[in-house]
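A quick write-up on the structure given underneath.
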Amino acid sequence: MFGPIKGALSLSDAKLKGATVLPVPAIVVNFRSFSQDASNPLQSAATICDAGLQEGQGMHGSFSRADTLNNMAAIGPDFKRGYVDKAPVSNADIAPTVAHILKIDLPSNGQLKNRVIDESLEGGPDTTAFQRGIKESEASASGMKTRLSYEKVGETWYFDSAGFVGRTVGLPAGEK
């Protein structure tokens, strides 16, 4: 363990350190991304990475907003009709939501949590309160800072984008 690295966030800062018994990475790298169409940056993002794939063939993604933004839709008697959720959601929220509908106890293990998407369910609240925030590392010797843009519902964290400002699609450059 090297300890804190200037210019980088810790795994704990990025909520990537849980209670697993599996090996934990020493460092997580976000590849540089850029937009090929400023009028549509999220749909025209390209990522520079070490994959042997050509442009457009895809990969597992990065922390650019083009890779972390997802669309989720649900239909059925337990879901509100025509509801558009403004709160953040994740693929990890699907299992607890379906388990809740089916009245199945789905135990949660460790510190990394997901949630039931209550606001999307019939009889659920119209909206869910959430907060937005920025975490930023201490500057490196060259002045670079890792920035993490997140949203949070209760104790559940959602990452919008992370990396270096100007080198990650969708990463806000504003103040903390």
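Select from 154, 49, 102 the residue farthest towards the positive end of the dipole of region 33-163; place +1 on Cβ of Lys and Arg, -1 on Cβ of Asp and Glu, and compute about the Cα centre.
Selected residue: 154.
If you stretched the chain out fully between residue 126 and residue 28, how much longer would it get, using 0.36 nm times the residue separation minus the C-alpha to C-alpha distance? Mind showing how you got there, number by number?
Working: separation 98, 0.36 × 98 = 35.28 nm, distance 3.69 nm.
Extending this stretch completely gives an extra 31.6 nm.
Taking a cut-off of 20 Å between Cα atoms, list the aspartates and glutamates near residue 80, but don't count ones fewer than 8 places away on the same chain.
Output for residue 80: 93, 118, 119, 122, 126.
Assign one of three labels to region 106-151, namely rounded, prolate or oblate, based on the Cα gyration tensor with a ≥ b ≥ c the square roots of its eigenvalues; rounded applies when a/c is under 1.5, prolate when it is not and a/b is larger than b/c, and oblate otherwise. Show your work: numbers first, answer last.
Numbers: a/c = 6.37, a/b = 2.16, b/c = 2.95.
The shape class here is oblate.
Roughly how many Å is it from the Cα centre of region 30-51 to that of region 103-139, as a whole number?
When both Cα centres are located, 28 Å separates them.
What percentages make up the Cα-Cα pair-distance distribution of region 33-163 when the bins are 5 Å wide from 0?
Values per bin, smallest distances first: 2, 9, 14, 17, 16, 15, 13, 8, 4, 1, 0, 0.
Take 167, 132 and order them by how many other Cβ atoms sit within 10 Å, fewest up front. Don't skip to the end; give the middle numbers.
On the way: 167 15, 132 12.
Ordered from fewest to most neighbouring Cβ atoms within 10 Å, 167, 132 come out as 132, 167.
Among the lysines, select those whose C-alpha is under 18 Å from the C-alpha of residue 152, and discard any that sit fewer than 8 residues away in the same chain.
Within the straight-line cut-off, residue 152 pairs with 15, 17, 86, 113, 135, 176.
For residue 101, put the label point 7 Å out on the Cα→Cβ axis and report which residues of region 62-79 keep their amide N under 14 Å from it.
Taking a point 7 Å out along Cα→Cβ of residue 101, the residues of region 62-79 whose backbone N falls under 14 Å are 72-79.
Note down the relative contact order for region 1-152 as a percent, whole number, built from C-alpha pairs under 8 angstrom at least six residues apart.
27 percent.
Using a 10 Å cut-off on Cβ atoms, rank the peptides 114-126, 10-22 from the highest mean neighbour count down.
On the way: 114-126: 15.8, 10-22: 12.7.
Taking the mean over residues of other Cβ atoms within 10 Å, the ranking is 114-126, 10-22.
Readers should treat all values here as calculations from the given coordinates under stated rules, not as data from a laboratory. Since the structure is predicted, the reported quantities are computational estimates derived from the model, not experimental observations. Positions of Cβ are backbone-derived with ideal geometry, glycine not excepted, and every protein chain shown enters the neighbour counts.
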